[in-house]
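Chemist: First, the structure itself, so that you have it in front of you.
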Amino acid sequence: MTERHIIHADLDAFYAAVEQLDNPEINSLPVLVGGPAERRGVVATASYEARKYGIHSAMPMAIAKRLCPHAIIKPPRFDRYRELSTCVMQIFSELTPLVEPMSLDEAYLDITESVHQGQKALQIGIDLKNNVLSSTGLVISIGIGTNKSISKIASDLGKPNGLVIVSAGNEADFLSPLPVGRIPGIGPKTMSRLKDDGVFTIGQLAAHEPHWFRTRFGKRGSDMRAKAHGQDNEVVHTT
């Protein structure tokens, strides 16, 4: 089977970054994008300066304001976000036709063909980051691995402004010390149940037998076991 090279590209704190880009006077300040607190609004995106105060997306804006009273609150401007997202996705499509957008601010790119033609994955990642920054002013984090699951975890670990590459054969070692919640599809409720089983890391999860996964995850058992071992055969979907 051909060794794949998959990028997960994710714009850092996208909505807040766009507000800082368009309003240089609030650059490097805590910025929250979302609805007003008095209307029970929630945080759509918090800049990294605001996250230092414990603020995160989906948090009620009233709580966010208490945590950081001097935060600058901006209402969402989705037309502007879509405009810049279109520019970034165009940059992706110029690199490879195999692009799967997941939202306005993230996508998977299959660069297997480029690597097989002699380009280095690291250089592709560096060039892509520089291209997005110079063309849009936005910072992007990139993870590169042999499958979508690994590249997603890698880009998340590298944020902000990261570039993390997991080479073929090192997937299990890369995953082993990480908390189980890093696996896409394992949320807080599942983490709590796994904690009761004494499972805290992906390595501990991967050590269990197939029947244990079937018992804990049902139909998702085989998929979760594969991902815990760094295996994921899902292709990059372009439609």
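The values are calculated or read from the model by the stated rules, or taken from the named source; none is laboratory data. Computed from a predicted structure; not experimentally measured. A quick note on method: Cβ atoms are made from the backbone with ideal geometry, for glycine too, and the neighbour counts reach across all protein chains shown. Note: accessible area is taken over every heavy atom of the protein model, side chains too, but ligands, DNA and RNA are not part of it. Shrake-Rupley method; radii C 1.70, N 1.55, O 1.52, S 1.80 Å.
Chemist: Residue by residue through region 113-141, note down the ones that are β-branched (V, I, T) and either open to solvent by less than 20 Å² (accessible area, probe 1.4 Å) or assigned to a helix (DSSP H, G or I) (or both). Don't jump to the end; show me each part of the working.
Modeler: Our first condition is that a residue be β-branched (V, I, T); within region 113-141, this holds for 115, 124, 126, 132, 136, 139-140.
Selection gives V115, I124, I126, V132, T136, I140.
Chemist: So is S151 in contact with a strand residue (DSSP E or B) (Cβ under 8 Å, 6 or more places away or on another chain), touching a residue at least 60 places away in the same chain (Cβ under 8 Å), within 24 Å of R51 (Cβ to Cβ) and in a helix (DSSP H, G or I) or not?
Modeler: On the way: in contact with a strand residue (DSSP E or B) (Cβ under 8 Å, 6 or more places away or on another chain): yes; touching a residue at least 60 places away in the same chain (Cβ under 8 Å): yes; within 24 Å of R51 (Cβ to Cβ): yes; in a helix (DSSP H, G or I): yes.
Yes; evaluated as a whole, the condition is true for this residue.
Chemist: In region 128-146, which residues are of a type outside the set (S, T, Y) and in contact with a helix residue (DSSP H, G or I) (Cβ under 8 Å, 6 or more places away or on another chain)? Can you show your working first?
Modeler: Let us first name the residues in region 128-146 that are of a type outside the set (S, T, Y), namely 128-133, 137-140, 142-145.
Of everything in region 128-146, those that are of a type outside the set (S, T, Y) and in contact with a helix residue (DSSP H, G or I) (Cβ under 8 Å, 6 or more places away or on another chain) turn out to be L128, N131, V132, G137, L138, V139, I140, I142, G143, I144, G145.
Chemist: For region 94-112, check the following and say yes or no: at least one residue is among the hydroxyl-bearing types (S, T, Y), part of a helix (DSSP H, G or I) and within 18 Å of E19 (Cα to Cα). Lay out the reasoning, then the answer.
Modeler: Kept after step one, since they are among the hydroxyl-bearing types (S, T, Y), are these residues of region 94-112: 96, 103, 108, 112.
Then keep just the ones that are part of a helix (DSSP H, G or I); that gives 112.
Going one step further and asking which of them are within 18 Å of E19 (Cα to Cα), we end up with none.
No, there is no match, as no residue in region 94-112 is among the hydroxyl-bearing types (S, T, Y), part of a helix (DSSP H, G or I) and within 18 Å of E19 (Cα to Cα).
Chemist: Let me ask you something else. Being open to solvent by 20 Å² or more (accessible area, probe 1.4 Å) and among the β-branched types (V, I, T) is the filter here, so list the residues in region 1-23 that pass it. Break it down into steps so the answer makes sense when it comes.
Modeler: Taking region 1-23 and keeping what is open to solvent by 20 Å² or more (accessible area, probe 1.4 Å), we get 1-5, 15, 17, 20-23.
Within region 1-23, T2 is the sole residue that qualifies.
Chemist: Looking at region 24-81, which of the residues that are under 18 Å from P160 (Cβ atoms), in a strand (DSSP E or B) and without any contact (Cβ under 8 Å) to a residue 40 or more places away in the chain is most open to solvent (accessible area, probe 1.4 Å)?
Modeler: Per the stated criteria, the residue is A44.
Chemist: Which condition number in (1) closer than 21 Å to G230 by Cα; (2) surrounded by fewer than 19 Cβ atoms within 10 Å (Cβ to Cβ) is the one that K152 fails?
Modeler: Unmet for K152, out of (1) closer than 21 Å to G230 by Cα; (2) surrounded by fewer than 19 Cβ atoms within 10 Å (Cβ to Cβ): (2).
Chemist: Checking the conditions here, which among L109, L84 is touching a strand residue (DSSP E or B) at 6+ places or on another chain (Cβ under 8 Å) and either of a type outside the set (A, V, I, L, M, F, W, C) or surrounded by 13 or more Cβ atoms within 10 Å (Cβ to Cβ) (or both)?
Modeler: Result: L109 is the single residue among L109, L84 that is touching a strand residue (DSSP E or B) at 6+ places or on another chain (Cβ under 8 Å) and either of a type outside the set (A, V, I, L, M, F, W, C) or surrounded by 13 or more Cβ atoms within 10 Å (Cβ to Cβ) (or both).
Chemist: For region 158-197, give me each residue that is assigned to a helix (DSSP H, G or I) and β-branched (V, I, T).
Modeler: Keep residues of region 158-197 that are assigned to a helix (DSSP H, G or I), which gives 158, 171-175, 180-182, 188-196.
Of everything in region 158-197, those that are assigned to a helix (DSSP H, G or I) and β-branched (V, I, T) turn out to be V180, T190.
Chemist: Take region 198-215 and flag every residue that is under 15 Å from G181 (Cβ atoms) and in a loop (DSSP other than H, G, I, E, B).
Modeler: From region 198-215, those under 15 Å from G181 (Cβ atoms) are 199-206; that's our starting set.
Those that are under 15 Å from G181 (Cβ atoms) and in a loop (DSSP other than H, G, I, E, B): V199, F200.
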